Amino acid sequence: MVTLAKSRGYRAFQVVNAVVLTGVVILTLYPFVNIIARSFSEERYILSGDVNLIPRGFNLTTYQIVVADPMFWTNYRNTVVYTVVATAIAMVLTTCYAYVLSKRHLKGRTFLIWVAVFTMFFNGGLIPNYVLVNSLGLTNSLWAIVLPNAISVFNLLVMKAFFENLPSDLEEAAAIDGLNTYGILGRIVLPLSKAVIATMVLFYAVSFWNSWFSAFLYLNRTELFPVTVYLRNIIAGATGAENAGAGAADLTQVAANIQSVTIMLTVLPILAVYPFVQRYFVSGVMLGAVKG
């Protein structure tokens, strides 16, 4: 009787869980599907509010105009370069720092941890940060984007916890075999850390890809902007349809859905890459967050 009750309770939990998660999925996907529908719709349906989940009056005018804009592709290339370089630098610094902090015998370990944690809650502020970057001569350069945010403390702490959970016997055996610290890290630790590394790469890449404020703050040349600033300028009205090369007959159409089109073109690379690293996402975070 107890088994039957548990079985009924478990089935009820499954039903409720499925309903709740389905509702969450619908609420999450609805805005994105709506953006897709608007990007392919005619302006008269968009302006009248008739576009919901299905495009009305299928139209590719704005896509053609944005794709034909050379500045869009210049900024897109910049975003790829910034993301790749920034992610590579961030992963090297975060991995090395986290591996050092995972060693309990390290002198000054507690101080180094608190130095990192302190920066999660306090920073110099916008103006001092700008003055620092400007005084170092980094403005209008790649380094103004990739260096100030090179280490995420959250990612650092997750990797530190992951490294702490690795069997210490493996490192001791490798040391006996003659490997130094760098050899142990490169040949023993990193191959065992693929899940958390893939997760951190995803975190950093998405963060740098979506970032626009650093570029808006430290760059003042249009040809250096990432595509997110291009999008921001469109939304803010700083870049109009005329700048994208639209003819007079297309201006109304472009003004109606250029935000949706540019959003779609901006997020496509992330959508294409995410499925390949998603399987590492949960395992990497959980392994780095749960002590064994």
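The values are calculated or read from the model by the stated rules, or taken from the named source; none is laboratory data. Only a predicted model underlies this, so the values are computations on that prediction, with no experimental measurement involved. Counting neighbours? That spans all protein chains shown, and the Cβs are built from the backbone with ideal geometry, glycine included.
Odds and ends about this structure:
- Checking each residue in the stretch 139-161 for being more than 16 Å from residue 90 (Cβ to Cβ) and surrounded by 15 or more Cβ atoms within 10 Å (Cβ to Cβ) picks out 139, 141, 161.
- Scanning the stretch 134-145 for any residue that is assigned by TED's automatic domain parsing to the domain that holds residue 273, among the β-branched types (Val, Ile, Thr), closer than 30 Å to residue 268 by Cα and outside any loop (DSSP other than H, G, I, E, B) turns up at least one such residue.
- Residue in the stretch 37-51 that is surrounded by fewer than 15 Cβ atoms within 10 Å (Cβ to Cβ), at pLDDT below 85 and in contact with a helix residue (DSSP H, G or I) (Cβ under 8 Å, 6 or more places away or on another chain) present: yes
- Elements of type helices (runs of 4 or more DSSP H) contained in the stretch 38-129, each with 2 or more residues being in contact (Cβ under 8 Å) with a residue 24 or more places away in the chain and either in the same structural domain as residue 214 (by TED's automatic domain parsing) or of a type in the set (Phe, Trp, Tyr) (or both): 61-67, 70-101, 109-121
- Qualifying position, being within 28 Å of residue 232 (Cα to Cα), surrounded by fewer than 20 Cβ atoms within 10 Å (Cβ to Cβ), of a type in the set (A, V, I, L, M) and touching a residue at least 40 places away in the same chain (Cβ under 8 Å), among 190, 217: 217
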